[in-house]
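Undergrad: So that we are looking at the same thing, I have put the structure below in structure tokens.
The values are calculated or read from the model by the stated rules, or taken from the named source; none is laboratory data. Just so it is clear, the model here is predicted, and its values are computed rather than measured. We place every Cβ from the backbone using ideal geometry, glycine too, and count neighbours over all the protein chains shown. Side chains are part of the model used for accessible areas, which takes the heavy atoms of the whole protein and leaves out ligands, DNA and RNA. Shrake-Rupley method; radii C 1.70, N 1.55, O 1.52, S 1.80 Å.
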Amino acid sequence: MAAKPFASSADLGVKEQTLEVLADGVYALTAEGDPNLGAIEGEDFLVCFEALATPVAARRWLAKLREHTDKPVRYLVLSHYHAVRVLGASAFDAEVIVSSEQTKHLIEERGQQDWESEYGRMPRLFEEPESIPGLTWPTMTFRDKLTIELGGDRGELVLEFLGRGHTEGDIVAWLPKQEIVFAGDLVESQAALYTGDAFHFDWAAGTLDRVKALGARQLIGGRGAIARGRDQVDAAIEQTRDFLLTMQRTVGEAHRSGGTLKDAFAATHEALAPKYGSWPIFEHCLPFDVQRLWDEFSGIERPVIWTAERDRQVWDELQG
Ligand SMILES: [Zn+2]
């Protein structure tokens, strides 16, 4: 049997991007399993959520958004530090780039390595990579919560850190009046989870509970379709939790019984594939996911930094 191509390196198919208007002045872009984006209108400014992997990729989203509004971007909000979400930031000409304090720290600590790792894993998302001017630096950070008044009768946008999850610093963008949440990679709707930098136990318990407790009626996850209505929103959250809990069971059993990382991977693949195997980036993510959870079971508190070299090593061991 031929070896599986590394991560998403052989995924070159173009995905269709769809802009949807979720409420007056609230926009989302989905892209068939590629990273999602959002934008929220204030009275005389825009808040954008996520930035894609390069300025050239971000400009295509902005061109679509500009068919609806020409307000200037005051805030660009980064849900977390991953390269495919942040390196397109310069295209927005934002007055302020906002993230959690933890995300800024992670960019300082591992932003460069993450850039190289993600470029190797998902080259298709890095459209014209030479257009990236460098790492993206947040210019405003907060610890737990930051509220942006949108003006008029638009209500407010609440940026909130709800606990460790997909990374150490993910935030959500919550519109209490419109009952819409942009959840970043904390929730995936019909897309596989990337958990290579995650805190699986915090994420599956308190963090997802707090996302659910917002009571959103529309949820835009990091990838995949928009969840509409409480049933779909809860289903997306519970799908995310089920993925995490299944991993905890299979990796935990292998770890406790003296098995190997490869045993843990095989058991996890077998348990998840029937439900999630056909979803975007499943095969790509799983080796990195299992390695990180294995590390957590081994008592490694913070995720080991992924480098292009470590990516290949883990891939070859588990998927090679
Ligand atoms: Zn991510």
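Undergrad: For helix 261-276, report the angle its Cα long axis makes with the longest principal axis of the Cα atoms of the chain; keep it between 0 and 90° and round to the nearest 10°.
TA: So the helix axis and the longest Cα principal axis differ by about 50 degrees.
Undergrad: Rounded to the nearest 20 debye, what is the charge dipole size of the chain about its Cα centre when +1 sits on each Lys and Arg Cβ and -1 on each Asp and Glu Cβ? List each step's numbers first, then the result.
TA: Numbers: 33 positive and 52 negative charges, 70 e Å.
The dipole of the chain has a size of about 340 debye.
Undergrad: At Glu101 and Ala308, where each label point lies 7 Å from the Cα along Cα→Cβ, what is the point-to-point distance in nanometres?
TA: About 3.5 nm separates the two model spin labels.
Undergrad: Another one. What whole number of Å gives the distance from the Cα centroid of segment 106-123 to the Cα centroid of segment 175-239?
TA: 24
Undergrad: Per DSSP H run of at least 4 residues, take -39500 (n - 2.57); add these up for the chain, divide by its residues and hand me the 222 nm value, nearest 500 deg cm²/dmol.
TA: Numbers: 8 runs with 113 residues, N = 320.
Rounded to the nearest 500, the figure is -11500 deg cm²/dmol.
Undergrad: If the cut-off is 24 Å between C-alpha atoms, which lysines fall inside it for Lys145, apart from same-chain ones fewer than 8 positions away?
TA: Cross-link targets: Lys104, Lys177, Lys212.
Undergrad: Heavy-atom accessible area per residue, segment 18-230, 1.4 Å probe: how many Å²?
TA: 34
Undergrad: Given the options Lys212, Lys15, Lys104, state which has the largest fluctuation in a GNM of the chain using a 10 Å cut-off (strictly under) for Cα springs.
TA: Of Lys212, Lys15, Lys104, the Gaussian network model singles out Lys15 as fluctuating most.
Undergrad: Still on this structure, please answer the following. Where the eigenvalues come from the Cα gyration tensor of the chain, what are the semi-axes √(5λ) of the equivalent ellipsoid, largest first, in whole Å? Walk me through the intermediate numbers first.
TA: Numbers: eigenvalues 193, 89, 64 Å².
Taking √(5λ) for each Cα gyration eigenvalue gives 31, 21, 18 Å.
Undergrad: If you don't mind, another one. Positive end of the dipole of the chain, charges at C-beta (+1 Lys, Arg; -1 Asp, Glu), about the Cα centre: which of Val187, Ser79, Met140 has its Cα farthest in that direction?
TA: The Cα lying farthest towards the positive end belongs to Val187.
Undergrad: Please compute the length gained on full extension between Met140 and Arg256, using 0.36 nm multiplied by the number of residues separating them and subtracting their Cα-Cα distance. Working shown, then result.
TA: Values: separation 116, 0.36 × 116 = 41.76 nm, distance 4.31 nm.
Length difference between fully extended and current span is 37.5 nm.
Undergrad: At a threshold of 8 angstrom on Cα-Cα distance, excluding pairs fewer than six apart, so keeping six or more, what relative contact order does the chain reach in percent?
TA: 16
Undergrad: Let me ask something else about it. Expressed in nm to one decimal, what extension gain is obtained for the pair Asp263 and Glu67 from 0.36 nm per residue of sequence separation less their Cα-Cα distance? Please report the intermediate quantities before stating the final value.
TA: Values: separation 196, 0.36 × 196 = 70.56 nm, distance 5.12 nm.
That works out to 65.4 nm of additional length.
Undergrad: Same structure, new question: Where is the GNM fluctuation largest for the chain (alpha-carbon springs, 10 angstrom cutoff): Thr240, Thr69, Thr250?
TA: Thr69
Undergrad: Now for a separate question. Of all accessible surface on segment 18-230 at a 1.4 Å probe, what whole percent is carbon and sulfur? Before the final figure, lay out the partial values.
TA: Values: 3310 of 7190 Å².
Carbon and sulfur together cover 46 percent of it.
Undergrad: Measuring from a point 7 Å past the Cα of Glu32 along Cα-to-C-beta, which residues in segment 276-320 have an amide N at less than 19 Å?
TA: Residues passing the 19 Å test: 277-284.
Undergrad: Which whole-angstrom value gives the distance between the alpha carbon centres of segment 17-87 and segment 258-307?
TA: The distance from the Cα centre of segment 17-87 to that of segment 258-307 comes to 31 Å.
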